[in-house]
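The values are calculated or read from the model by the stated rules, or taken from the named source; none is laboratory data. In this text, all values refer to a predicted model and were calculated from it rather than measured experimentally. Here the Cβ positions follow ideal geometry from the backbone for every residue, glycine too, while neighbour counts run over all protein chains shown. Protein only, heavy atoms only, side chains kept; ligands, DNA and RNA dropped before computing areas. Shrake-Rupley method; radii C 1.70, N 1.55, O 1.52, S 1.80 Å.
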Amino acid sequence: FIIADDSSNVDSILEEIELTFGKRFNAFSANQVLSTVNSIISQFQLFLGSVAAISMIVAGLGILNTMLMSVMERTREIGVLKAVGYKNSQVMVMFLAEALMIGVLGGFIGLFVGMGGSYLIPILINMIFKPKTLGEIKVGISVIGFTPQISLDLMLTSFILAVGVAILAGVYPARRAANLDPIAALRYE
């Protein structure tokens, strides 16, 4: 390890080391290591963001399918409601409220599973990858320990996103239910 007397001298010291030792010796600075680590972290964040986006799309499609099936199963009920005087907006609000409940329930479940998993994963990693002792030599990964950082902002954003996706996925089925013709709906089997 070489410690520079001034941070502005680091590059010149690296050049001198490379000139002196050539290809036989690899020299790098802490800034180079930091930029490599930051690059890896940004790629990992991009990957996790992609996984999260795909998960949200799949969740939205699942809610959309559930709501469409609900509209199909309750077509006669919708016809009766419209026949007794329910307006299109009232039917639409009824189905959007159902989508909202799905989103709220899914958001809470997701928050609790996520928080529990963030505390459980390090415990499982430590159980699986315990170092083994062969004589006096330890073989394996040392114990991994970290404390999850759970922020209220992130929790609130996740919850709002879950509810938003549910409502967005419920708009088309709610609109479809609201625009059903009451006579055709009453005849539907």
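Under 20 Å from a label point 7 Å along Cα→Cβ of MET115: give me every residue in the stretch 158-189 with its amide N that close.
158-164
For a test of the definition: using alpha carbon positions, the gyration tensor, and the 1.5 limit on a/c, classify the stretch 46-118 as rounded, prolate or oblate. List each step's numbers first, then the result.
On the way: a/c = 3.49, a/b = 2.53, b/c = 1.38.
In terms of gyration-tensor shape, prolate.
Restricting to DSSP H runs of at least four residues, report the calculated mean residue ellipticity at 222 nm for the chain, -39500 (n - 2.57) per run over all residues, nearest 500 deg cm²/dmol.
Numbers: 6 runs with 139 residues, N = 189.
It lands at -26000 deg cm²/dmol.
Can you pull the one-decimal nm distance between simple spin-label points at ASN26 and SER158, each 7 Å off the Cα toward Cβ?
3.7
For MET127 and LEU105, what is the calculated FRET efficiency with R₀ set at 25 Å and r taken between the beta-carbons, to the nearest 0.05?
Numbers: r = 32 Å, r/R0 = 1.26.
So, using R0 = 25 Å, E works out to roughly 0.20.
Report the rotationally averaged projected area of the chain based on its alpha-carbon convex hull, in square nanometres. Please report the intermediate quantities before stating the final value.
On the way: hull surface 79.9 nm².
With every direction weighted equally, the projected area is 20.0 nm².
Report the label-to-label distance for VAL33 and LEU168 in nanometres (one decimal), using points 7 Å from each Cα along the Cα→Cβ vector.
4.2
With springs connecting C-alpha atoms under 10 Å apart, model the chain as a Gaussian network and identify which of PHE47, PHE28, PHE159 has the largest mean-square fluctuation.
Between PHE47, PHE28, PHE159, it is PHE28 that shows the largest mean-square fluctuation.
With viscosity set to 1.002 mPa s at 20 °C, what whole-number translational diffusion coefficient in µm²/s follows for the stretch 1-107 from Stokes-Einstein and a Kirkwood radius over Cα pairs?
Working: Rh = 20.0 Å.
Result for D is 107 µm²/s.
Cut-off 10 angstrom, C-alpha nodes, Gaussian network model of the chain. Which of ALA83, ALA166, ALA178 fluctuates the most?
Of ALA83, ALA166, ALA178, the most mobile in the Gaussian network model is ALA83.
What residue among LEU61, LEU96, LEU46 has the largest mean-square fluctuation in a Gaussian network model of the chain, using Cα springs under 10 Å?
Highest fluctuation among the options: LEU46.
Please give the per residue accessible area of the chain, computed with a probe of 1.4 Å over protein heavy atoms only, in Å².
On the way: 14200 Å² over 189 residues.
Per-residue value: 75 Å².
Probe radius 1.4 Å, ligands and nucleic acids ignored: give me the carbon and sulfur share of the accessible area of the chain as a rounded percent. Can you show the working numbers first?
Numbers: 9630 of 14200 Å².
With neighbouring chains kept in place, the figure for the chain is 68 percent.
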